[in-house]
Amino acid sequence: MQLDQQRERFRAYVARFAGETGLHPMLRLKLDHTERVADNCRAIALGEGWDGNRADLAEVAGIWHDVARFEQYQRFQTFADPRSFDHGERGAELLAQHDLLAGLPQSVITCLVTAVRLHNRLAIPPEVTGRTRDVLAALRDADKIGRASCRERV
């Protein structure tokens, strides 16, 4: 699954948003949140008995799920989708625009793009099935856990 490569690509993408003094504190919070969500995705996957490749897939979904948040904050100084853009939709666009999933099999890319696009929806659409539905469900649960732990710190 090229897990290390995906982590490096994500870090390189995020580095684009760092100023002379590093990431803005709000972007640092989003980076920390992303790392927790990716870890939680893996833990959920392993808890469900998924094999290593599928657990890697869930973790990569966690890595990329909020990729659009960095642009969102830079452009609009908010993480509020209604005041800026749908970060799930924009995240799916960014994955393609910057070829961030290059080298992965097309079926994996499709799964990841769908998970990023839909992770912030109210419900999983019924047409999303199989492995993609499983990864998306794990991501949504991991993201909720990640948000809850973030609120506890504030």
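The values are calculated or read from the model by the stated rules, or taken from the named source; none is laboratory data. These numbers come from a predicted model, not from an experiment. Reconstructed Cβ throughout: ideal geometry from the backbone, glycine too, with neighbour counts over all protein chains shown. Remember, those area values only see protein heavy atoms, side chains included, never the ligands or the DNA or RNA. Shrake-Rupley method; radii C 1.70, N 1.55, O 1.52, S 1.80 Å.
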CD proxy, 222 nm, the chain: helix-only mean residue ellipticity via -39,500 (n - 2.57) per DSSP H run with n ≥ 4, per residue, nearest 500, stands at -22500 deg cm²/dmol
The whole-number value in µm²/s of the Stokes-Einstein translational diffusion coefficient for the stretch 1-96, with Rh from the Kirkwood sum over alpha carbon pairs at 25 °C and 0.890 mPa s, is 176
Taking a crude spin-label model, label points 7 Å out from Cα along the C-beta direction, the Thr21 to Gln77 distance in nm is 1.5
With the label point 7 Å along the Cα-to-beta-carbon line of Ser107 and a cut-off under 19 Å to each amide N, the hits in the stretch 54-71 are 54-61
Of the accessible area of the chain, computed with a 1.4 Å probe and all protein chains kept, carbon and sulfur make up a percent value of 51
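Just the number please: accessible area per residue for the chain, 1.4 Å probe, all protein chains included, in Å². Walk me through the numbers on the way to the answer.
Details: 7820 Å² over 154 residues.
I get 51 Å² per residue for this part.
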Cα extents of the stretch 15-154 per principal axis, largest first, Å, are 42, 34, 28
Of all stretches in the chain that avoid GluC sites (Glu not before Pro) placed in a DSSP loop and having at most 12 other Cβ atoms within 10 Å, the longest is 21-126
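Which residues make up the longest stretch of the chain clear of trypsin sites (Lys or Arg not before Pro) that lie in a DSSP loop with no more than 16 other Cβ atoms within 10 Å, not counting the sites? Numbers along the way, then the final one.
Working: sites that count: Arg16, Arg121.
Within the chain, the longest run free of exposed trypsin sites (Lys or Arg not before Pro) spans 17-120.
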On each of the three principal axes the extent of the alpha-carbon atoms of the stretch 1-52, given in whole Å and largest first, is 44, 21, 9
Of Ala92, Ala18, Ala43, the most mobile residue in a GNM of the chain (C-alpha springs, cutoff 10 Å) is Ala18
Residue by residue through the stretch 17-32, the couplings from Karplus 6.51 cos²θ - 1.76 cosθ + 1.60 with θ = phi - 60°, in Hz, x for Gly and Pro, are 9, 7, x, 4, 9, x, 6, 4, x, 5, 6, 4, 4, 5, 5, 4
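Rounded to the nearest 0.05, what FRET efficiency do His98 and Glu127 give with R0 = 30 Å and r taken as the Cβ-Cβ distance? Could you check? Mind dumping the intermediate values first?
Working: r = 27 Å, r/R0 = 0.89.
Taking R0 as 30 Å, the efficiency between His98 and Glu127 is 0.65.
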For the chain the mean separation of alpha carbon contacts under 8 Å (6+ apart) over residue count, i.e. relative contact order in percent, is 28
